[in-house]
1. Does residue A:108 satisfy the criteria of being within 25 Å of residue B:50 (Cα to Cα), surrounded by fewer than 21 Cβ atoms within 10 Å (Cβ to Cβ) and within 9 Å of chain B (Cβ to nearest Cβ)?
2. Name the pairs whose Cβ atoms lie under 6 Å apart, with the first residue in region B:26-50 and within 7 Å of chain A (Cβ to nearest Cβ), the second in a loop (DSSP other than H, G, I, E, B) and modelled with pLDDT of 90 or more, and 6 or more positions between them or separate chains?
3. Which one of the conditions (1) more than 26 Å from residue A:30 (Cα to Cα); (2) touching a strand residue (DSSP E or B) at 6+ places or on another chain (Cβ under 9 Å) does residue B:37 fail to meet, given that it meets all the rest?
4. Across region B:1-19, what is the number of residues that are surrounded by fewer than 17 Cβ atoms within 10 Å (Cβ to Cβ) and at pLDDT below 95?
5. Just to confirm my filter: which strands (runs of 3 or more DSSP E) fall fully inside chain B and include at least 2 residues that are closer than 29 Å to residue A:4 by Cα?
6. Considering every residue within region A:51-73, establish whether at least one is surrounded by 21 or more Cβ atoms within 10 Å (Cβ to Cβ) and touching a residue at least 40 places away in the same chain (Cβ under 8 Å).
7. Tell me whether region B:101-108 contains one or more residues that are under 15 Å from the mean Cα position of the chain (by Cα), away from chain A (no Cβ under 14 Å) and at pLDDT 95 or above.
8. Are any residues in region B:33-54 surrounded by fewer than 19 Cβ atoms within 10 Å (Cβ to Cβ), closer than 19 Å to residue B:100 by Cβ and modelled with pLDDT under 90, and if so, which ones?
């Protein structure tokens, strides 16, 4: 099993460009998440999907959109990139539906994005 | 009060030392507690779940104090390979159907 995979690993964008970050998991997990991690800020949740067909905003959703394409795949789109979106983006998945005790999240290796 | 607070460190300790991290959380209704480990430029990985009675896994001991709303992680006989950032993770809100909230992490450096 590959676990959680993310593409691309690195990306440089110019302000105003758009891009989609891809995430896939092969663990048959119900829930998937997108986080960003910035120095001194920790992991912040952008969007999540509790199950196939549903998506919800997290702590910092502005400037992003998501699509839960199927149970395996959850993509994050930046429509018009801004320098403030320079960050490391992590996708994660978990087996249980949200709120179950002892739910473990499994993370992908991350995408490092630089917006100039 | 932030939902999950941790001392950012860094904690610089010699090999073989015992080190403890504390984490406080604001939501008294939180039900799930974890410690994750994150190596430099890598993804977070689950280190331990934290159970009400406390739990131990080798050199690592996690404890939960609901009355004071804090979680602790104790590392005994520190190894160089323990150098990492340790993230405290808690349920975010009263409702069960909400994502986890991550603390900003405590950085540990174990020195030879």
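The values are calculated or read from the model by the stated rules, or taken from the named source; none is laboratory data. Quick caveat, the model's predicted, so the values are computed rather than measured. Note: ideal-geometry Cβ built from the backbone for every residue, glycine included; neighbour counts use all protein chains shown.
1. Numbers: within 25 Å of residue B:50 (Cα to Cα): yes; surrounded by fewer than 21 Cβ atoms within 10 Å (Cβ to Cβ): no; within 9 Å of chain B (Cβ to nearest Cβ): yes.
Criteria not met by residue A:108.
2. Every condition considered, the pairs that remain are B:43/A:109; B:43/A:110.
3. Result: residue B:37 fails condition (1) only.
4. At the first step, the residues of region B:1-19 found to be surrounded by fewer than 17 Cβ atoms within 10 Å (Cβ to Cβ) are B:1-2, B:5, B:7-10, B:12, B:14-18.
Subsequent filtering for residues that are at pLDDT below 95 retains B:1-2, B:5, B:7-10.
Here the count works out to 7.
5. Numbers: elements: B:4-6, B:11-14, B:19-25, B:33-38, B:44-49, B:55-57, B:60-65, B:70-75, B:84-91, B:100-102, B:106-111.
Counting at least 2 such residues, we get B:4-6, B:19-25, B:33-38, B:44-49, B:55-57, B:60-65, B:70-75, B:84-91, B:100-102, B:106-111.
6. So far as region A:51-73 goes, no, none of its residues is surrounded by 21 or more Cβ atoms within 10 Å (Cβ to Cβ) and touching a residue at least 40 places away in the same chain (Cβ under 8 Å).
7. Going residue by residue through region B:101-108, those that are under 15 Å from the mean Cα position of the chain (by Cα) are B:101-108.
This time we only want the ones that are away from chain A (no Cβ under 14 Å), so: B:108.
Add one more test, that the residue is at pLDDT 95 or above, and what stays is B:108.
Scanning region B:101-108, I find at least one residue that is under 15 Å from the mean Cα position of the chain (by Cα), away from chain A (no Cβ under 14 Å) and at pLDDT 95 or above, so the answer is yes.
8. If the condition is that a residue be surrounded by fewer than 19 Cβ atoms within 10 Å (Cβ to Cβ), closer than 19 Å to residue B:100 by Cβ and modelled with pLDDT under 90, then B:49, B:51, B:52 are the ones that fit.
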